[in-house]
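Trainee: After the structure tokens below, expect a handful of questions from me.
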2 protein chains.
Amino acid sequence: MERMRDTTAITEGRAERLTKHGLFETPRFFADVYVLRPGQAQAVHTHEGEDKCYFVLSGRGQITSGTVVHDAGPGALVFCPAGEDHGVVNAALDEDLRLLVYMAPHPRLS
Amino acid sequence: MERMRDTTAITEGRAERLTKHGLFETPRFFADVYVLRPGQAQAVHTHEGEDKCYFVLSGRGQITSGTVVHDAGPGALVFCPAGEDHGVVNAALDEDLRLLVYMAPHPRLS
């Protein structure tokens, strides 16, 4: 398996809904890049046993963690602990939101 | 606990050795920012039960994963699986290397 991925080259989105690009996964974690076109969202949801982090690669996101919505720009890291609500919206009119998403442990492989 | 951290503001390094800035930790994972001044390194080492990922925020690193050394620039994500050698060198003469580092599970809290 390849050990290095260049996230700057991962930009492809779709018109229908947010796009998840898988980078690495083991039973202990996964790392994905999500691309949200303007207006797209990941609905607020909860994982009972997994922690998630959203890192903003480019664009701006409104990221829910628990009861707070964070306005997150490039370089922001938002922590969403197991058992709490989280989700993200790209409210921009003209810019994609690209996120590096990290979850531990892996929800299906662990 | 604060749920959002701005990694662009985390730049402080030290002359003696690489600096680790802790962002978030649970038994399932930790997220740190490492700052390596020119010439600094994290020596090659192995964790038997934890996966690590290095994400390059700024600068350039020579990142070992297993038997391969990757030349990694901004936006690169390098996966270092449990049980294999890994480490990083900032060989630049004049630029800090800033990394977002994930490990799962947490080596001390899990």
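Here, each number is a calculation from the coordinates, and none is a lab measurement. As the structure is a prediction and not an experimental result, all values here were calculated from the model. FYI the Cβ positions are ideal-geometry reconstructions off the backbone, even for glycines, and counts take in every protein chain you see.
Trainee: Give the residue that is surrounded by the most Cβ atoms within 10 Å (Cβ to Cβ), with candidates limited to residues of segment B:83-110 that are within 12 Å of chain A (Cβ to nearest Cβ) and more than 21 Å from residue B:17 (Cα to Cα).
Mentor: Ranking the qualifying residues of segment B:83-110, first place goes to B:104.
Trainee: Applying the selection to segment B:1-60, what residues are among the aromatic types (Phe, Trp, Tyr) and touching a His at 6+ places or on another chain (Cβ under 7 Å)?
Mentor: Once the filter is applied, which keeps residues that are among the aromatic types (Phe, Trp, Tyr) and touching a His at 6+ places or on another chain (Cβ under 7 Å), segment B:1-60 yields B:29, B:30.
Trainee: If I ask for residues that are touching a Gly at 6+ places or on another chain (Cβ under 9 Å) and among the hydrophobic types (A, V, I, L, M, F, W, C), which ones from segment A:41-68 would you list?
Mentor: Selection gives A:41, A:43, A:44, A:55, A:56, A:57, A:63.
Trainee: If we keep just the residues of segment A:45-92 that are among the acidic types (Asp, Glu) and within 23 Å of residue A:108 (Cα to Cα), which is nearest to the chain's Cα centre (by Cα)?
Mentor: So the residue we want is A:51.
Trainee: To continue, here is another question. So which residues in segment A:11-44 are among the small types (Gly, Ala, Ser) and either under 12 Å from the mean Cα position of the chain (by Cα) or under 20 Å from residue A:107 (Cβ atoms) (or both), if there are any at all?
Mentor: The answer is A:22, A:31, A:41, A:43.
Trainee: Got a sec? Which strands (runs of 3 or more DSSP E) wholly within chain A have at least 1 residues that are in contact (Cβ under 8 Å) with a residue 24 or more places away in the chain?
Mentor: Result: A:19-26, A:29-36, A:41-45, A:51-58, A:61-65, A:76-80, A:86-89, A:97-104.
Trainee: Hey, can you tell me all the residues within segment A:60-82 that are more than 8 Å from chain B (Cβ to nearest Cβ) and surrounded by 15 or more Cβ atoms within 10 Å (Cβ to Cβ)?
Mentor: Scanning segment A:60-82 gives A:60, A:61, A:62, A:64, A:69.
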